[in-house]
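Here is the structure we will look at.
The values are calculated or read from the model by the stated rules, or taken from the named source; none is laboratory data. Not measured: the values here are computed from a predicted model. In this analysis, Cβ positions are derived from the backbone assuming ideal geometry, glycine residues included, and neighbour counts consider all displayed protein chains. Each accessible area value is taken on the protein alone, full model and side chains, heavy atoms only, with ligands, DNA and RNA left out. Shrake-Rupley method; radii C 1.70, N 1.55, O 1.52, S 1.80 Å.
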Amino acid sequence: MLKTRRHLLGATALALTLGPVLSVHAADAPLVLGFSQVGAESEWRTANTASIKDAAKQAGITLKFADAQQKQENQVKAIRSFIAQKVDVIAFSPVVESGWDTVLREAKNAKIPVILTDRAVNVTDPSLYVTFIGSDFVEEGRKAGRWVLDWAKKTVPQGEVNIVELQGTVGSAPAIDRKKGFEEIIKADPRIKIVRSQSGDFTRAKGKEVMEAFLKAKDKKIHLLYAHNDDMAIGAIQAIEEAGLKPVKDIAIVSIDGVRGAFEAMVAGKLNVTIECNPLLGPQLMQLAKDVKAGKTLPKRITTEEGVFTADVAAQELPKRKY
Ligand code: AHR
């Protein structure tokens with residue numbers, strides 16, 4: 001009996017001593033961030049993933065990373081699993097725009113803040129996410145359109161200007177917005193028409209396959225290809241060459257992202273221009289995760305600064321590229 005009481009007293013004394021130590025430790029515990037990535041469909045995405053993983057390490061954040069392999073159902077599962085694991089913050093780059101209300105409400109009910117990176121969602125209640133950091137895809141489409149207007153004036157002064165378009169993943173924010181911005185600008189010249197448009201799912205393989213089909217149709221001269229990302233443009237370049245045509249000379253090519261592969265293609269004379277879309281979002285995302293955890297109010301939208309790179313500056317820019 002006496003022994004038991006001594007044990008109890010000892011345990012209470014230990015708990016009293018350790019109590020403050022344990023709570024200090026809990027407050028100092030690294031922030032846990034659950035991140036659901038779209039997939040590994042492009043050079044851009046690979047750079048984005050590397051940026052997020054590196055930045056988490058640098059910031060001392062524990063990253064739970066899930067690759068959704070371009071499937072929304074996988075992202076929903078990943079978000080639910082982050083909720084079950086009670087992570088501090090959830091971030092994700094949504095594969096498509098719609099269909100997020102339910103799972104984001106679950107995160108909100110669990111009091112886990114959500115940060116959108118790279119791509120937007122279409123939700124009825126904007127309070128379902130804290131902030132959205134990423135590019136302005138409509139503006140990227142406009143930049144591509146402005147380049148095409150100017151090019152058409154100089155290169156095809158008369159007659160129709162036929163464009164084929166390789167769209168990104170169906171229903172994704174960049175595919176919707178890049179199309180919208182581009183069309184908004186090119187309508188200023190009624191000679192310019194998009195004669196064929198199909199999704200190449202943001203991949204090289206699909207870009208090549210769809211371009212092959214465009215070329216086989218042979219019913220209309222193709223003056224220019226507008227690809228929603230560099231990877232699809234690079235796949236399409238292969239298709240153009242295999243069809244015995246010369247990229248840039250026979251078909252002008254405009255794409256988006258500004259990855260190293262696009263700069264190499266421009267140096268090789270196979271791509272006219274790339275519109276930059278910056279994937280290096282990791283450091284900013286980590287800071288936002290820390291800020292939201294610390295209770296700071298964040299701006300609802302954070303847009304990244306980006307440029308336009310034409311073939312004439314490619315050789316000089318290539319060594320400076322970070323992705
Ligand atoms: O969401 C950004 C887009 O997704 C990039 O332009 C593309 O390369 C990627 O797959």
Next on the checklist: Among the residues in the stretch 147-160, are any within 16 Å of the ligand (Cβ to nearest atom), outside the structural domain of residue 92 (by TED's automatic domain parsing), under 29 Å from residue 209 (Cβ atoms) and part of a helix (DSSP H, G or I)?
Outcome noted: no
Checklist entry - For the stretch 110-128, what are the residues that are more than 16 Å from the ligand (Cβ to nearest atom) and either farther than 26 Å from residue 287 by Cβ or buried (at least 23 other Cβ atoms within 10 Å of the Cβ) (or both)? => result 114, 124
Checklist entry - Can you tell me which residue in the stretch 255-269 is surrounded by the fewest Cβ atoms within 10 Å (Cβ to Cβ), limited to those that are hydrophobic (A, V, I, L, M, F, W, C) and in a loop (DSSP other than H, G, I, E, B)? => result 268
Item to check | Subset of the stretch 129-142 [surrounded by 20 or more Cβ atoms within 10 Å (Cβ to Cβ) and more than 15 Å from residue 284 (Cα to Cα)] | outcome: 129, 137, 140, 141, 142
Checklist outcome for this item: In the stretch 50-75, anything open to solvent by less than 30 Å² (accessible area, probe 1.4 Å) and under 17 Å from residue 172 (Cβ atoms) is listed as 68, 75
Checklist outcome for this item: Residue hits (the stretch 305-320; within 18 Å of the chain's Cα centre (by Cα) and of a type outside the set (Val, Ile, Thr)) are 305, 306, 307
Checklist entry - Has the stretch 86-97 got any residue that is among the basic types (Lys, Arg) and open to solvent by 50 Å² or more (accessible area, probe 1.4 Å)? => result yes
Item to check | Residue count, the stretch 165-212 (criterion: more than 16 Å from the ligand (Cβ to nearest atom), charged (D, E, K, R) and open to solvent by less than 30 Å² (accessible area, probe 1.4 Å)) | outcome: 1
Checklist entry - Here is a list of conditions, (1) part of a helix (DSSP H, G or I); (2) under 27 Å from the mean Cα position of the chain (by Cα), and residue 197 meets all of them except one; can you say which number that is? => result (1)
Next on the checklist: Every residue in the stretch 219-254 that is away from the ligand (no atom under 16 Å from the Cβ), open to solvent by 10 Å² or more (accessible area, probe 1.4 Å), part of a helix (DSSP H, G or I) and not acidic (Asp, Glu), please.
Outcome noted: 238
